[in-house]
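A.B. asks: Input: one structure, supplied below.
Bear in mind that the values in this text are calculations on the coordinates, not laboratory data. Every value quoted in this text rests on a predicted model; they were computed, and no experiment measured them. Reconstructed Cβ throughout: ideal geometry from the backbone, glycine too, with neighbour counts over all protein chains shown.
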């Protein structure tokens, strides 16, 4: 029997309140994957090469995971490819491209086929703007033009997302922090040429991450079981049921794995050897592992000891969903064996006794006095958490990722209000 049919989600052990705290953290982690990976791409391929990698990774992953979330929360269009702008905007709210508040998307709807969104705050811009206007143009022009349409194609191939205004900002605008940071229209029209899936996306559609079956949301559970109905100005994750939040958490982890698949494809196409590509991917994983473990531990208030580190490992996207990554937790250790993720050469395949850096970074994120000892174990590997008297220094890959303001970003309470056509 397939692993996905017998293994329940590891997130089911969390309370509804804990899940409502964790889901935005997972979305933010997905956004920060590029902050962890792109500096190494710039070093290897230059700014233009980095831009190409970013375009290809998002155009590979986004259409796949957007459709997965539509199906999971019951707002998929009745006819595939015939969705409206509300469906597109709901998808953005549950997409690692737009973690709530850090990427503060606001929406306006004229009718089912015409709408707009704007960013009152763009955390990605805050990260990139200090690097200069060339990097801003790479992100806000070269990357966003094709990738916004690629996200929309999951809903309707005749959707076009076009800028009203966008950065680079003038020095005066930066000084005044003029907002919104950008504004875009979203229009669906039969006269628009259809947007096509890129070949890498078609290949990724056959991956285990794309086709993985997860348990359905329990509609009898207290709280919202789906996202049918009107678009909401801000998603109140606390309004969703425990069952729905568990499914959302698992889906967001799959978003990250799919983005990693796209990233790996793009990087390998530009590297001389597979080992060179894997080295870049490991550096990305090491950087994001330390920051995300730190944030997850703080958000859930885990103890800064071996038990707390094991709990963070259990909840970390590296080892989730449980139906995707075969991991068994016992005592102060975790045993990882080949599973569906290995068929995709997902994150977990970058780790092990010969490549401990990402795992050690993850444990370090809970406490610098903790370390990971990894050894081969029955076709897989076993990680034991140990405590050191002398705290370890911050890994270089984590320091690079910490450049992002997402490392210290704080979420705030928001009211969730329905939005209707003007």
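A.B. asks: In deg cm²/dmol, rounded to 500, what helix-only [θ] at 222 nm does the chain give when every DSSP H run of at least 4 residues adds -39500 (n - 2.57) and the total is split over its residues?
C.D. replies: One gets -14500 deg cm²/dmol as the mean residue ellipticity at 222 nm.
A.B. asks: What do you get for the angle between helix 242-268 and the principal long axis of the chain? Use alpha-carbon atoms, 0 to 90 degrees, nearest ten.
C.D. replies: It works out to around 90 degrees.
A.B. asks: Any chance you could give the angle, 0 to 90 degrees and rounded to 10, that helix 16-72 forms with the longest Cα principal axis of the chain?
C.D. replies: With rounding to tens, the tilt is 90 degrees.
A.B. asks: Another question about this same structure. Could you tell me how far the Cα centroid of segment 348-399 sits from the Cα centroid of segment 35-54, in Å?
C.D. replies: Distance between centres, Cα-based: 26 Å.
A.B. asks: Enumerate the residues in segment 377-391 having an amide nitrogen under 18 Å from the point lying 7 Å beyond the Cα of residue 354 toward its Cβ.
C.D. replies: Flagged as within label range: 377-383.
A.B. asks: Report the extension gain between residue 369 and residue 142 in nm, rounded to one decimal, defined as 0.36 nm multiplied by the number of residues separating them, less their alpha carbon distance.
C.D. replies: Separation in residues times 0.36 nm, less the Cα-Cα distance, equals 77.5 nm.
A.B. asks: If you take all C-alpha pairs in the chain, what percent of them are over 36 Å apart?
C.D. replies: Cα-Cα pairs of the chain separated by over 36 Å account for 21 percent.
A.B. asks: Here is a follow-up. Pull out the extension gain between residue 71 and residue 376, defined as 0.36 nm times the separation in residues minus the alpha carbon to alpha carbon distance; nm, one decimal.
C.D. replies: That works out to 105.9 nm of additional length.
A.B. asks: Each label point is 7 Å from the Cα along the Cα-to-Cβ direction; what then is the distance between the points at residue 299 and residue 414, in nm?
C.D. replies: For residue 299 paired with residue 414, the spin-label model returns 1.4 nm.
A.B. asks: Need one number: nm distance between label points at residue 211 and residue 307, each 7 Å from Cα along Cα→Cβ, rounded to one decimal.
C.D. replies: About 4.3 nm, to one decimal.
A.B. asks: Work out the FRET efficiency for residue 80 and residue 273 from their Cβ-Cβ distance, taking R0 = 25 Å, and round it to the nearest 0.05.
C.D. replies: 0.05
A.B. asks: Which of these, 328, 273, 66, has the largest mean-square fluctuation under a Gaussian network model of the chain (Cα springs below 10 Å)?
C.D. replies: Maximum among the listed residues: 273.
A.B. asks: Using a Gaussian network model on the chain with a 10 Å cutoff between Cα atoms, which of 147, 303, 186 fluctuates the most?
C.D. replies: 303
A.B. asks: Still on this model: When DSSP assigns beta bridges and you keep just the ones with both residues in segment 3-257, what percent turn out antiparallel, to the nearest 5?
C.D. replies: 95
A.B. asks: Between helix 357-366 and the chain, what is the angle of the helix's C-alpha long axis to the longest principal axis, kept within 0 to 90° and rounded to the nearest 10?
C.D. replies: With both axes taken from Cα atoms, the answer is about 80 degrees.
A.B. asks: Okay, next question. Expressed in whole Å with the largest first, what are the equivalent ellipsoid semi-axes of segment 274-402 derived from the C-alpha gyration tensor as the square root of 5 times each eigenvalue?
C.D. replies: Semi-axes, largest first: 21, 17, 14 Å.
A.B. asks: Considering only 310, 27, 202, give the residue with the highest GNM mean-square fluctuation for the chain, with springs between Cα atoms whenever their separation is below 10 Å.
C.D. replies: 202
A.B. asks: Okay, moving on. Taking neighbour counts of Cβ atoms within 10 Å as a proxy for exposure, in what order, fewest first, do 88, 288, 374 appear?
C.D. replies: The fewest-first ordering by Cβ neighbours comes to 374, 88, 288.
A.B. asks: For segment 241-280 and segment 161-188, compute the distance between their C-alpha centroids and round to whole Å.
C.D. replies: Segment 241-280 and segment 161-188 have Cα centres separated by 29 Å.
A.B. asks: Please arrange 34, 342, 134 by counting, for each residue, the other beta carbons lying within 10 Å of its beta carbon, fewest first.
C.D. replies: Lowest to highest Cβ neighbour count: 134, 342, 34.
A.B. asks: Before anything else, pin down the relative contact order of the chain: Cα pairs under 8 Å, at least 6 apart, normalised by residue count, whole percent.
C.D. replies: Once normalised by length, the contact order is 24 percent.
A.B. asks: Before anything else, pin down the relative contact order of segment 274-402: Cα pairs under 8 Å, at least 6 apart, normalised by residue count, whole percent.
C.D. replies: With pairs under 8 Å counted, the relative contact order is 32 percent.
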